[in-house]
Amino acid sequence: MASKCLSPVPILPVLSRSSRTSLQCLRKRPMQALSHAAAQPQRRHVSVYGYEQAKALSFANYGDPPEVLFLHKHSISPPHGELMTLRFLASPINPADINQIQGVYPSKPTFTTSLGTAHPIAVAGNEGVAEIIALGDKVKNEGFKRGDWVIMKGPGFGTWRTHASATSKDVLLLEDAAREGITPIQAGTVSINPCTAYRMLSDFVKLEEGEWFIQNGANSGVGRAAIQLAKNWGLKSVNVIRGREDKDEEEELKKGLLDIGADVVITDEELQSQGIKDMAEEWTNGGREPIRLALNCVNGKPATAMAKLLAPHSHHVTYGAMSKQPLTIPASMLIFKDIHFHGFWVSKWAEWHPQEKKKTVEHVLELTRRGEFKDMPFEELEWEYETKEKDLVQAVQGTLEGYRKGKGVFVFKKT
């Protein structure tokens with residue numbers, strides 16, 4: 001079958017530049033931090049009437065994050081009926097979040113005036129974990145309670161904020177047993193990258209213990225998750241990384257992936273070299289152990305080179321296109337080798353299979369609890385009530401420009 005390629009979506013500004021300018025009057029300057037000598041213990045900012053004071057990293061128009069993001073302050077009324085109030089604990093900054101702000105990601109955020117603005121705005125971020133701090137009677141009857149942890153059921157909710165109002169349709173409950181011994185960062189980063197790796201290894205071909213798969217982007221969050229899950233399930237992996245000018249850095253990267261369970265780590269240059277077939281035969285016991293699955297997030301020539309190493313009747317799954325190049329499929333692979341090409345988008349899969357997403361998340365957290373699945377490197381970005389807009393936007397910019405070695409994660413402290 002043909003590969004499913006997700007085409008960029010044209011930028012559709014929600015507000016004109018002049019409208020956005022008028023919106024700026026709604027923004028309030030963050031409170032100035034007190035000096036150390038005058039500092040007082042922080043408290044939750046709740047009015048005597050039970051209104052929760054929230055802050056959200058928002059945007060009114062698509063564009064580059066530093067140009068369009070702003071910190072919006074608003075109040076959340078006490079929940080009733082089917083409503084619940086959430087306090088976020090941890091929310092990562094994923095590349096897809098950046099693409100969504102830029103307006104080039106297929107999943108669109110929700111633009112709304114429900115946060116007290118004259119013109120619609122959207123809250124950035126798609127992944128995270130939150131604690132229920134208040135809830136209406138109907139939600140209680142559905143089995144939710146104060147103190148429960150929840151993750152987002154699908155994309156577009158907006159997780160880069162201190163608090164939010166939600167319904168049970170927006171979230172998936174993490175059972176008490178599932179969150180036992182789990183940190184907020186572990187819970188807040190489990191639903192996209194690990195789920196993507198888990199489903200791609202499980203849903204396209206039944207790999208038996210000892211069988212091989214190959215993947216590019218092996219140092220990504222999905223790649224590292226696939227390595228660890230495969231090792232746990234007795235599978236073997238060939239992992240392709242982008243070559244580095246600094247060879248010491250390249251060797252350190254290779255060693256890091258081998259340490260978490262990779263069997264083979266090569267560069268994209270090695271993958272496309274003349275001797276790659278001989279190398280593959282050496283890894284796979286003279287070719288008697290077929291490579292039956294490929295996971296592709298790069299596209300272009302590296303994706304085609306991976307496909308050439310697959311055994312007949314194998315499956316090639318594309319879940320990204322980092323090179324921004326098309327996936328070129330030689331007709332011989334379709335006709336004579338019967339290679340099956342698929343696309344996979346975890347957001348759409350989660351929308352179709354919410355309960356399977358819940359089971360997948362809980363299984364990964366169980367592996368984490370047992371020490372069989374390790375966190376990917378991350379940088380903790382603290383967000384407190386007094387944290388300034390420029391510091392939050394700068395944290396997003398750090399991911400956009402690739403300045404950090406680990407995933408940036410907003411960790412909410414005293415908000």
*Which one of these is over 21 Å from ASP259 (Cβ atoms) and touching a residue at least 24 places away in the same chain (Cβ under 8 Å): GLY234, GLY217, GLY188, GLY223?*
GLY188
_Looking at segment 78-101, can you tell me whether even one residue there is modelled with pLDDT under 90, among the aliphatic types (A, V, I, L, M) and more than 22 Å from the chain's Cα centre (by Cα)?_
no
_When you scan segment 315-324, do you find a residue that is surrounded by fewer than 16 Cβ atoms within 10 Å (Cβ to Cβ) and not hydroxyl-bearing (Ser, Thr, Tyr), even just one?_
yes
*If a residue has to be surrounded by 20 or more Cβ atoms within 10 Å (Cβ to Cβ) and either within 12 Å of SER91 (Cβ to Cβ) or charged (D, E, K, R) (or both) to count, how many in segment 379-398 make the cut?*
5
*Among the helices (runs of 4 or more DSSP H) lying completely within segment 307-372, list those that include at least 3 residues that are under 27 Å from LYS169 (Cα atoms).*
346-352, 354-369
*Among the numbered criteria (1) more than 16 Å from the chain's Cα centre (by Cα); (2) more than 21 Å from GLY128 (Cβ to Cβ), which single criterion is violated by VAL393?*
(2)
_Odd one out for PRO330, checked against (1) within 27 Å of the chain's Cα centre (by Cα); (2) at pLDDT below 95_ = (1)
*In segment 97-118, is there at least one residue being under 12 Å from ARG161 (Cα atoms) and either in contact with a Gly (Cβ under 7 Å, 6 or more places away or on another chain) or of a type in the set (Gly, Ala, Ser) (or both)?*
no
_Looking at GLU384 and the list (1) assigned by TED's automatic domain parsing to the domain that holds GLU180; (2) of a type outside the set (Gly, Ala, Ser); (3) more than 20 Å from GLU131 (Cβ to Cβ), which single condition is not satisfied?_
(3)
*asked:* So for segment 134-150 (the condition being of a type in the set (D, E, K, R) and in contact with a Gly (Cβ under 8 Å, 6 or more places away or on another chain)), does at least one residue qualify?
replied: yes
*Failed item in (1) assigned to a helix (DSSP H, G or I); (2) in the same structural domain as GLY158 (by TED's automatic domain parsing); (3) within 27 Å of ALA262 (Cβ to Cβ); (4) not polar (S, T, N, Q), with ASP391 passing the rest*: (3)
*Could you grab the pairs with beta carbons closer than 8 Å, sequence gap of 6+ or different chains, first residue in segment 128-148 and of a type in the set (S, T, N, Q), second one surrounded by fewer than 16 Cβ atoms within 10 Å (Cβ to Cβ)?*
none
*Within segment 179-186, is even one residue assigned by TED's automatic domain parsing to the domain that holds HIS340, surrounded by fewer than 21 Cβ atoms within 10 Å (Cβ to Cβ) and not small (Gly, Ala, Ser)?*
no
*Filter segment 204-214 for residues that are in contact (Cβ under 8 Å) with a residue 12 or more places away in the chain and among the charged types (D, E, K, R); which is farthest from HIS342 (Cα to Cα)?*
GLU209
*Residue count, segment 312-359 (criterion: over 24 Å from LYS108 (Cβ atoms) and among the aromatic types (Phe, Trp, Tyr))*: 2
*Tell me, which residue of segment 107-160 that is of a type in the set (Ser, Thr, Tyr) and within 20 Å of PRO194 (Cβ to Cβ) is surrounded by the fewest Cβ atoms within 10 Å (Cβ to Cβ)?*
SER107
*Can you find a residue in segment 187-199 that is farther than 18 Å from VAL346 by Cα and either surrounded by fewer than 22 Cβ atoms within 10 Å (Cβ to Cβ) or not assigned by TED's automatic domain parsing to the domain that holds LEU115 (or both)?*
no
*Select from segment 397-415 the residues that are modelled with pLDDT of 90 or more and assigned to a loop (DSSP other than H, G, I, E, B) and write down the one among them that is nearest to ASN219 (Cα to Cα).*
LYS413
*SER202 crowded, with 22+ Cβ neighbours inside 10 Å, among the hydroxyl-bearing types (Ser, Thr, Tyr) and either modelled with pLDDT of 95 or more or within 25 Å of ARG370 (Cβ to Cβ) (or both)*: no
*Sole exception among (1) more than 17 Å from LEU174 (Cβ to Cβ); (2) at pLDDT 95 or above; (3) out of contact with any Ser or Thr (no Cβ under 9 Å at 6 or more places or on another chain) for THR387, by number*: (3)
*Residue ID - nearest to ASN94 (Cα to Cα), chosen from residues in segment 316-349 that are without any contact (Cβ under 8 Å) to a residue 60 or more places away in the chain and of a type in the set (A, V, I, L, M)*: ILE339
*asked:* Condition first: of a type in the set (A, V, I, L, M, F, W, C) and free of Cβ contacts under 8 Å to residues at least 40 places away in the same chain. Now tell me which residues in segment 241-270 satisfy that.
replied: ILE241, LEU253, LEU257, LEU258, VAL264, ILE266
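The values are calculated or read from the model by the stated rules, or taken from the named source; none is laboratory data. What you see is a predicted model; the values in this text were computed from it and never measured. Counting neighbours? That spans all protein chains shown, and the Cβs are built from the backbone with ideal geometry, glycine included.
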